[in-house]
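Comments concern the structure below.
The values are calculated or read from the model by the stated rules, or taken from the named source; none is laboratory data. This is a predicted model, so every value here is computed, not measured. Using ideal geometry, Cβ is built from the backbone for each residue, glycine included, and neighbour counts are taken over all protein chains shown. Side chains included, ligands, DNA and RNA excluded: accessible areas come from the protein's heavy atoms. Shrake-Rupley method; radii C 1.70, N 1.55, O 1.52, S 1.80 Å.
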Amino acid sequence: MSLTTDDVKRIAHLARIEVTEDEAQATLTKLSGILGLIEQMQAVDTTGIEPMSHSQDVTQRLREDAVTETNQRELFQSIAPAVENGLYLVPKVIE
Amino acid sequence: MQWEVVIGLETHVQLQTKTKIFCGASTAFGAEPNTQADAVSIALPGVLPVLNREAVQCAIRFALAIDAEIGRRSVFARKNYFYPDLPKGYQISQYELPVVGKGKLTIQVGDAEKTINITRAHLEEDAGKSLHGDFHGMTGIDLNRAGTPLLEIVTEPDMRSAAEAVAYAKKLHELVMWVGICDGNMQEGSFRCDVNVSVRPKGSDKLGTRREIKNLNSFRFMQQAIEYETRWQIETLEDGGTIHQATVLFDPDTGETRAMRSKEEANDYRYFPDPDLLPLVISEADIEAVKARMPELPEDMKNRFEQEYGLPAYDATTITSSRGMADYFVAAVAEFGGEAKLVANWVMGSVAAKLNEEGKDIAASPVSPMQLAGLLKRIADNTISGKIAKDVFAAMWVGEGDADSIIEQKGLKQVSDSGAIEVIVDEVLAANAAMVAEYKAGKEKAFNGLVGQCMKASKGKANPAQVNEILKNKLAG
């Protein structure tokens with residue numbers, strides 16, 4: 001599978017990362033390298049091996065359903081760029 | 001051309017937990033903005049999600065309720081998209097391996113039963129809320145809701161009309177409340193439906209292009225939205241147009257649906273397993289523990305009511321249509337100790353009618369199951385007739401006390417003293433010679449008229465069976 005700079009630009013757009021033409025080109029080389037590695041790994045015969053979804057073979061621990069957090073709004077909002085009436089303000093979002 | 005509409009639903013059910021799905025912040029509704037938005041909810045760097053046991057148990061409960069496969073090993077995935085009410089830039093959801101697999105729900109539409117197949121249900125977190133009020137051209141963000149546990153329940157495209165879709169949604173709504181995983185409050189957004197609608201020529205087995213109506217939080221709106229959308233799609237196709245896949249919103253003011261955003265850049269969520277969370281493993285013991293605490297399911301209860309109490313299928317279905325009604329019925333039957341069918345008639349009749357009239361839930365019924373049973377006892381032992389019982393019930397409803405005290409106070413006790421009834425019958429016969437003549441001339445109907453007169457003369461208190469008998473004897477003599 002070969003990647004184009006258009007693919008790189010699309011991926012960058014989805015991640016909201018601004019890339020210049022040069023950066024797209026450089027990223028293309030790096031990403032293609034990673035895809036090369038994946039291709040190499042895919043050549044390994046994994047018949048009968050269960051796929052893992054995490055690098056550690058352990059399972060999720062569960063938390064009891066009890067409130068442990070207190071209201072720290074003032075503290076959190078002290079580093080927010082804009083707040084009003086307890087709300088975080090962000091540039092207007094239009095549906 | 002004959003068209004057929006094809007409908008599938010995705011329902012977001014807010015789980016009744018005290019805290020969020022991945023952190024110990026409260027999920028209580030209606031708090032001041034951002035006072036329940038902790039470091040995890042607002043996605044500060046370095047925080048880690050820890051899964052809520054109760055949310056998992058809710059999912060297992062639901063799986064048991066729809067006889068579904070339980071994903072013994074399920075995986076959380078990141079669904080990536082950008083929106084300010086989603087501060088991490090991704091929603092933690094489940095993708096390839098959901099916690100609940102294939103199941104089914106049987107609905108009733110008119111007299112017909114239909115089974116709707118459920119594809120899957122998965123755990124995920126809710127987003128925050130965007131407020132587009134007057135904030136100097138900015139948008140306000142409240143992250144109290146961010147991280148609230150949801151179970152998203154997805155059906156196969158099995159429904160063929162708005163009525164079927166609404167019947168399914170109502171049934172699901174009752175079921176999630178029945179098994180205690182959701183408070184069902186639609187105004188507060190605890191139960192929200194996305195409806196996928198497409199049309200195709202009748203008889204075709206190919207699906208048409210679907211449009212998704214987002215965020216319906218009332219059954220009435222759902223019905224209207226589907227009906228409008230179906231008409232719109234058929235008209236568009238008949239006019240030679242094509243349907244483009246889109247997300248649409250329903251506007252209750254105009255009764256129309258309109259496209260929200262075109263999917264020219266089809267959503268690419270780039271799902272991948274969330275490295276912050278390990279696979280969720282559910283053991284046989286976990287399932288057994290949940291099973292032990294499951295309430296009897298409506299379907300099982302319905303069958304039991306038919307067998308144990310001899311209720312007709314219709315009554316059993318109606319009474320088990322909500323947990324509240326079923327609980328009320330069971331409590332009244334236990335107290336009454338008599339014929340369950342009489343209890344069913346009253347619960348589905350006078351009680352339901354009054355509740356409906358006043359828009360009340362059965363849990364808030366002014367007449368308790370105990371009080372209703374007290375009234376039915378007096379019908380059963382012939383203290384009052386069924387007709388008088390309605391008046392007593394009305395008095396109980398407005399808080400005038402228990403059946404016995406109302407009967408006593410108002411002097412409603414049925415007259416079963418044959419001597420007293422004979423006096424009344426004699427008076428009626430003397431005053432209605434014309435009717436007596438009609439009856440004797442062969443007019444059977446005149447008899448009913450005479451019974452009516454006797455009842456009226458006794459202010460409804462005479463025992464109707466005795467009136468019948470005495471009247472018959474006198475007329476024959």
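Structure data summary
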item: Residue identified as in the same structural domain as residue B:349 (by TED's automatic domain parsing) and among the acidic types (Asp, Glu) among B:274, B:327; result: B:327
item: Identity of the residue in region B:290-319, part of a helix (DSSP H, G or I) and small (Gly, Ala, Ser), that ends up least open to solvent (accessible area, probe 1.4 Å); result: B:316
item: Residue in region B:429-438 that is free of Cβ contacts under 8 Å to residues at least 60 places away in the same chain and closer than 30 Å to residue B:364 by Cβ present; result: no
item: Per-region count, region B:371-404, residues over 30 Å from the mean Cα position of the chain (by Cα), open to solvent by 70 Å² or more (accessible area, probe 1.4 Å) and within 19 Å of residue B:462 (Cβ to Cβ); result: 3
item: Selection from region B:347-370 of residues that are free of Cβ contacts under 8 Å to residues at least 40 places away in the same chain and either surrounded by 16 or more Cβ atoms within 10 Å (Cβ to Cβ) or among the aliphatic types (A, V, I, L, M) (or both); result: B:347, B:348, B:351, B:352, B:353, B:355, B:363, B:364, B:365, B:367, B:370
item: Scan of region A:31-59 for residues that are surrounded by 12 or more Cβ atoms within 10 Å (Cβ to Cβ) and over 30 Å from residue B:74 (Cα atoms), ordered by number; result: A:32
item: Count of region B:24-64 residues which are of a type in the set (A, V, I, L, M, F, W, C), within 15 Å of residue B:286 (Cβ to Cβ) and crowded, with 19+ Cβ neighbours inside 10 Å; result: 8
item: Evaluation of residue B:281 against (1) surrounded by 13 or more Cβ atoms within 10 Å (Cβ to Cβ); (2) not assigned by TED's automatic domain parsing to the domain that holds residue B:56 (one fails), failing number; result: (2)
item: Elements of type strands (runs of 3 or more DSSP E) contained in region B:65-153, each with 3 or more residues being buried (at least 19 other Cβ atoms within 10 Å of the Cβ); result: B:76-80, B:90-94, B:103-109, B:112-125, B:138-142
item: Helices (runs of 4 or more DSSP H) contained entirely in region B:352-433, each with at least 3 residues that are on the phi > 0 side of the Ramachandran plot and at pLDDT 90 or above; result: none
item: Set A:39, A:74, A:23: member being touching a residue at least 24 places away in the same chain (Cβ under 8 Å) and in a helix (DSSP H, G or I); result: A:39
item: Complete set of residues in region B:116-125 that are within 23 Å of the chain's Cα centre (by Cα) and either within 16 Å of residue B:150 (Cβ to Cβ) or within 14 Å of chain A (Cβ to nearest Cβ) (or both); result: B:118, B:120, B:121, B:122, B:123
item: Matching residues in region A:67-88 - criterion: being within 19 Å of residue B:24 (Cα to Cα) and either more than 7 Å from chain B (Cβ to nearest Cβ) or open to solvent by 50 Å² or more (accessible area, probe 1.4 Å) (or both); result: A:67, A:68, A:69, A:70, A:71, A:72, A:74, A:75
item: Within region A:27-74, tally of residues that are of a type in the set (Lys, Arg) and within 24 Å of residue B:281 (Cβ to Cβ); result: 2
item: So residue B:331, is it aliphatic (A, V, I, L, M) and within 14 Å of chain A (Cβ to nearest Cβ); result: no
